[in-house]
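What follows is a single structure, written as structure tokens, with notes after it.
The values are calculated or read from the model by the stated rules, or taken from the named source; none is laboratory data. Note that the coordinates shown come from a computational prediction; the quantities given were computed from them, not determined experimentally. Methodologically, a virtual Cβ is constructed for each residue, glycine included, from the backbone with ideal geometry; neighbour enumeration extends over all protein chains shown. Remember, those area values only see protein heavy atoms, side chains included, never the ligands or the DNA or RNA. Shrake-Rupley method; radii C 1.70, N 1.55, O 1.52, S 1.80 Å.
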Amino acid sequence: MSSDNKAQIAVDKFLQFTDGEVASFFEACVHCGECAEACHFYMATKDPKYTPTYKLFPMVKAYKREKAPLHSIRKMFGLLPPAVTEDELREWETLVYDSCTMCGRCTMVCPMGIDIAGTIRKMREGYAAADIVPDGLKRSVDFVEKTGSPMGVTSKALLAQVKHQEKETGIKIEVDKQGADYMAILSSMEIMGYPEIIGAYAKIFQKAGVSWTISSKAYEATNVGVQIGSGPLAKEIVTRVVDAAEELGVKYVISPECGHAYGAIRWAGPNMVGRPFKFEVVHIIELLDQLRRDGKIPAGAKDGRKMTLHDPCQIIRRGGLLKEPRRLLDESCADFVEMENAGLGNLCCGGGGGVSANPRAAELQNAAFGCKADQLNAIDGLEAVVVPCANCRTVFEEGLEEREIYNLEVLGLGELVAETLKDIEQAEG
Amino acid sequence: MTFLQFVEGPLFYVAAAIFVVGVVYRLIGILRLGGERDLARPNGSATGGAILTVLRHFVPRRTFWRGSSFHFVAGYAFHLGLFVLLLLAAPHVAFLQERVLGFGWPVLPHWAFILTAEVAFAGLIMLWVRRFVDPVQKLISTSGDYAATILTFLVMLTGCLALQESHVALRATHMVFVDIWLIYFPFSRLIHTFTFFFSRAQTGATYGRRGAKL
């Protein structure tokens, strides 16, 4: 691929993805720089290059040069920006991939309400098409192509974890059960790192009398296509789940405690596949909240530790599930305290949007987690933090380790709910 | 025809026509880029979200108050000041009545004009200076940002000089800058006067469907 070609391929994609919505954003930005104040990468480094709107510059240039209304008149007066070059795209690569988790916090502060996160997602389409992407994400893509999972989790590995959880809980977990109501999908990180969530599902759903299953063909929820910016790959990953769910005839697919996985299948999914699904996608937090309110999983003795909640960006800010986790926590723990800016204004963990899969960004991710660590440290006597996203959870564990904070437990919401169910023995705190 | 007659006669009408046609063309052009229908099952109202986001982003959220206060104060001082001057300054109302609309409305007393102009100037200068003092804004500001700011400043400055209506030349200078400003507007960053609404509404609609209140 020649150099001009790469730039042209990227620019073509930029232009293709600049629809009325993105154009409105580009036409509204007045370069006030407020977005920097909301970005954890800027907050952690104070480096102006991490200003969110600056990360979009190559895409803005392509638009102004070739697509913006009245650009031909501006051209006559020499008012167009120069063409986007490959060098420039490469210079911007770390801004587009390493220093944006697509958390959307900048939108909250933007006087114009510009969705920079959503636009970065589209900008990455240009980068992926031109193959200017971080090696770490490329490796994830290779794994997905070989095994269907970004961490190389095979169905054998999944089945082994399921067996293990059956033994732990003494509850039968039916795989590939035709006609079940719910089909659960999981993130690689959960299957390999936190398999107890499978046992938690088993306990909760048994208590609630919910019929559920896991597909041995489509168990992976993580969508690396969304992270790297490859529409075709993202569609392939979603399609695998859709096919399996429609084959099993389930009514619902349960999106797990994973941020981007939720956005990928719940909000982007039907648009990628080009039709509404024959089932509904529910987030596990939504489902647990619903079951709780229907009285099917009454809470028992509360966990007595002082706890707080981390709001995963894609589930809360960009996903709309603000009240559900709080209602569940109110009934599951006795001493719940909110972090500063909790809810919509929460700070990202620093590792979303593919950043944690990109080793090149490790130092920056750790610096950004520092903002989160400060919020945790600001709560006196905090004993545990509930992190309902497996990816955030890993980032938390690494970040706390890095800071030698060992007295703070990081746990998932599903596990906490399972452990505090009525009639089920209270887990030791 | 005197120079003054030219700049507030034919040139003004041409400039005003370019302004109106250019702005309408550009805004329609943006909307015509369209988008695909969202097929995901909604969890809230797109229209409600759009309205909420348009209104909500007029004022910074508490979370960001500290970082946003400079732009909030300077931004409102300038923009509100400018709108008040534009719509309520006695010469403006007289001009619009004579040349364009045929009717007028009550105007600001002289002292209120001076006060408003001071507030607007203070706001504009604060916004302008911050562009080259603040490291973030310095990095992201483009020549277009400065051009729009400087041109608006000159329109305001010459407007104040022309206030006493003591010299025909001062009024003519003001009108020249007004005409340039009107012609430049549709091609420039000044379009944010209208596009802020599109941008907020788009985001509000997208996230409103998800039940999220961005």
If you go through A:SER211, A:SER215, the only one that is over 18 Å from the mean Cα position of the chain (by Cα), modelled with pLDDT of 95 or more and open to solvent by 10 Å² or more (accessible area, probe 1.4 Å) is A:SER211
Condition met for B:LYS138 (open to solvent by 30 Å² or more (accessible area, probe 1.4 Å), within 14 Å of another protein chain (Cβ to nearest Cβ), within 30 Å of A:ILE73 (Cα to Cα) and basic (Lys, Arg)): yes
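For every residue, the table says whether it meets (1) open to solvent by 10 Å² or more (accessible area, probe 1.4 Å); (2) without any contact (Cβ under 8 Å) to a residue 12 or more places away in the chain; (3) not in a strand (DSSP E or B).
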residue: A:PRO276; (1), (2), (3): yes, yes, yes
residue: A:GLN290; (1), (2), (3): yes, yes, yes
residue: A:LYS296; (1), (2), (3): yes, no, yes
residue: A:THR308; (1), (2), (3): no, no, no
residue: A:ILE315; (1), (2), (3): no, no, yes
residue: A:ARG318; (1), (2), (3): yes, no, yes
Going by the structure shown, is B:PHE3 open to solvent by 80 Å² or more (accessible area, probe 1.4 Å), more than 9 Å from every other protein chain (Cβ to nearest Cβ) and touching a residue at least 60 places away in the same chain (Cβ under 8 Å)? yes
Do we find a residue being among the hydroxyl-bearing types (Ser, Thr, Tyr), free of Cβ contacts under 8 Å to residues at least 60 places away in the same chain and open to solvent by 10 Å² or more (accessible area, probe 1.4 Å) anywhere in segment A:234-245? yes
Among the residues of segment A:275-324, what is the count of those that are more than 10 Å from chain B (Cβ to nearest Cβ) and at positive phi? 1
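Could you check segment B:156-208 and list, in sequence order, the residues that are of a type outside the set (A, V, I, L, M, F, W, C), over 23 Å from A:GLU27 (Cα atoms) and open to solvent by 30 Å² or more (accessible area, probe 1.4 Å)?
Let us first name the residues in segment B:156-208 that are of a type outside the set (A, V, I, L, M, F, W, C), namely B:158-159, B:164-167, B:171, B:173-174, B:179, B:184, B:186, B:188-189, B:192-193, B:195, B:199-200, B:202-204, B:206-208.
If we keep only those that are over 23 Å from A:GLU27 (Cα atoms) as well, we get B:158-159, B:164-167, B:171, B:173-174.
Answer for segment B:156-208, where residues must be of a type outside the set (A, V, I, L, M, F, W, C), over 23 Å from A:GLU27 (Cα atoms) and open to solvent by 30 Å² or more (accessible area, probe 1.4 Å): B:GLN164, B:GLU165, B:SER166, B:HIS167, B:ARG171, B:THR173.
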In segment A:18-32, what count of residues is obtained for those that are assigned to a loop (DSSP other than H, G, I, E, B) and either closer than 10 Å to A:CYS106 by Cα or among the β-branched types (Val, Ile, Thr) (or both)? 2
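Quick check: anything in segment A:336-359 in contact with a strand residue (DSSP E or B) (Cβ under 6 Å, 6 or more places away or on another chain) and either without any contact (Cβ under 8 Å) to a residue 24 or more places away in the chain or more than 14 Å from chain B (Cβ to nearest Cβ) (or both)?
Keep residues of segment A:336-359 that are in contact with a strand residue (DSSP E or B) (Cβ under 6 Å, 6 or more places away or on another chain), which gives A:336-337, A:339.
When the remaining residues are screened for being either without any contact (Cβ under 8 Å) to a residue 24 or more places away in the chain or more than 14 Å from chain B (Cβ to nearest Cβ) (or both), the result is A:336-337.
Looking for residues that are in contact with a strand residue (DSSP E or B) (Cβ under 6 Å, 6 or more places away or on another chain) and either without any contact (Cβ under 8 Å) to a residue 24 or more places away in the chain or more than 14 Å from chain B (Cβ to nearest Cβ) (or both), one finds at least one in segment A:336-359, hence yes.
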Members of segment A:53-101 that are out of contact with any Phe, Trp or Tyr (no Cβ under 8 Å at 6 or more places or on another chain), within 12 Å of another protein chain (Cβ to nearest Cβ) and within 21 Å of A:CYS313 (Cβ to Cβ): A:THR53, A:TYR54
Looking at segment A:1-46, which of the residues that are open to solvent by 40 Å² or more (accessible area, probe 1.4 Å) and facing chain B (nearest Cβ under 9 Å) is nearest to the chain's Cα centre (by Cα)? A:GLU37
In the set B:ALA89, B:ALA74, B:ALA15, which member is under 24 Å from B:LEU127 (Cβ atoms), away from every other protein chain (no Cβ under 11 Å) and open to solvent by less than 30 Å² (accessible area, probe 1.4 Å)? B:ALA89
Give me the pairs, please: first residue somewhere in segment A:192-205 and closer than 21 Å to A:PRO298 by Cα and modelled with pLDDT of 95 or more, second residue anywhere and among the basic types (Lys, Arg) and open to solvent by 20 Å² or more (accessible area, probe 1.4 Å), beta-carbon distance under 9 Å, and either six or more positions apart or on two chains. A:ALA202/A:LYS172
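Quick check on A:ASP131: is it closer than 19 Å to A:LEU233 by Cβ and surrounded by fewer than 22 Cβ atoms within 10 Å (Cβ to Cβ)?
Yes, satisfied.
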Does B:ALA122 qualify as being free of Cβ contacts under 8 Å to residues at least 40 places away in the same chain and surrounded by fewer than 17 Cβ atoms within 10 Å (Cβ to Cβ)? no
Pairing a residue in segment B:56-68 that is facing chain A (nearest Cβ under 7 Å) with any residue that is open to solvent by 30 Å² or more (accessible area, probe 1.4 Å) and polar (S, T, N, Q), where Cβ atoms lie under 6 Å and the two sit 6 or more apart in sequence or on different chains, gives B:THR63/A:ASN341
